[in-house]
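Here's the structure we're looking at; comments come further down.
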Amino acid sequence: MAKERAEMQVFGMKTRTLTNVLLWLLVAFMLLLAVRGFATPVAAAAGFGFPLADSADGFYLHIKADRDLAIGIALAALIVLRERRALIAVIAACLVAPLIDGVLVVANGHESVLFALVVHGSALAYCAVLLWLLIRENAKGRLEASAPRSPTKHLAPSERSELREQSTAS
């Protein structure tokens with residue numbers, strides 16, 4: 001049983017939950033976007049939906065890349081620190097980014113609505129599902145924390161039976 005608990009917990013969080021896997025995938029994706037923005041800004045701009053008119057404008061992609069890097073590091077820190085409520089707030093606030101990105105791509109005529117939905121709409125949907133999972137787990141955790149605890153729950157089964165025998169004898 002102790003081995004099972006050790007395998008299931010890293011930094012006090014369950015590692016095998018869908019939410020945790022999705023959180024770490026989001027961190028990896030943000031870091032990948034940052035590296036791509038720094039290393040190949042022209043390709044990153046095209047993938048975003050704003051092809052650069054001049055490769056010298058790649059500097060502006062470095063600004064986006066440093067923000068992606070900061071968001072990825074911040075999310076990783078919140079995961080490691082087990083700050084679920086802060087993660088909920090940050091991801092909720094960040095939902096606005098893919099929404100506005102998609103609108104800007106379409107409004108400026110750089111790409112089609114389909115492109116914007118695939119690239120930015122999928123990011124929005126991913127974060128919305130992740131947010132819903134986090135809120136659900138947070139609510140479930142609060143319910144479990146407020147549930148009355150059995151005074152004998154921490155005892156071994158043999159100790160519980162001894163306690164029962166003593167209480168029935170008196």
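The values are calculated or read from the model by the stated rules, or taken from the named source; none is laboratory data. Quick caveat: nothing in here was measured; it's all calculated off a predicted structure. Positions of Cβ are backbone-derived with ideal geometry, glycine not excepted, and every protein chain shown enters the neighbour counts. The accessibility values were calculated without ligands, DNA or RNA, using every heavy atom of the protein model including side chains. Shrake-Rupley method; radii C 1.70, N 1.55, O 1.52, S 1.80 Å.
Where helices (runs of 4 or more DSSP H) sit wholly within the stretch 41-102, those with at least 1 residues that are over 26 Å from Phe115 (Cα atoms) occupy 58-80, 84-94.
In the stretch 76-105, the qualifying residues are those that are farther than 16 Å from Ala46 by Cα and touching a Phe, Trp or Tyr at 6+ places or on another chain (Cβ under 9 Å), and the one that is most open to solvent (accessible area, probe 1.4 Å) is Arg82.
Do we have any residue at all in the stretch 98-120 that's modelled with pLDDT of 85 or more and closer than 21 Å to Val21 by Cβ? Scanning the stretch 98-120 turns up at least one residue that is modelled with pLDDT of 85 or more and closer than 21 Å to Val21 by Cβ. Listed by first and then second residue, the pairs with beta-carbon distance under 6 Å, at least 6 apart or on different chains, first residue in the stretch 106-119 and over 8 Å from Gly49 (Cα atoms) and open to solvent by less than 60 Å² (accessible area, probe 1.4 Å), second of a type outside the set (Val, Ile, Thr) and not in a loop (DSSP other than H, G, I, E, B), are Val106/Ala116.
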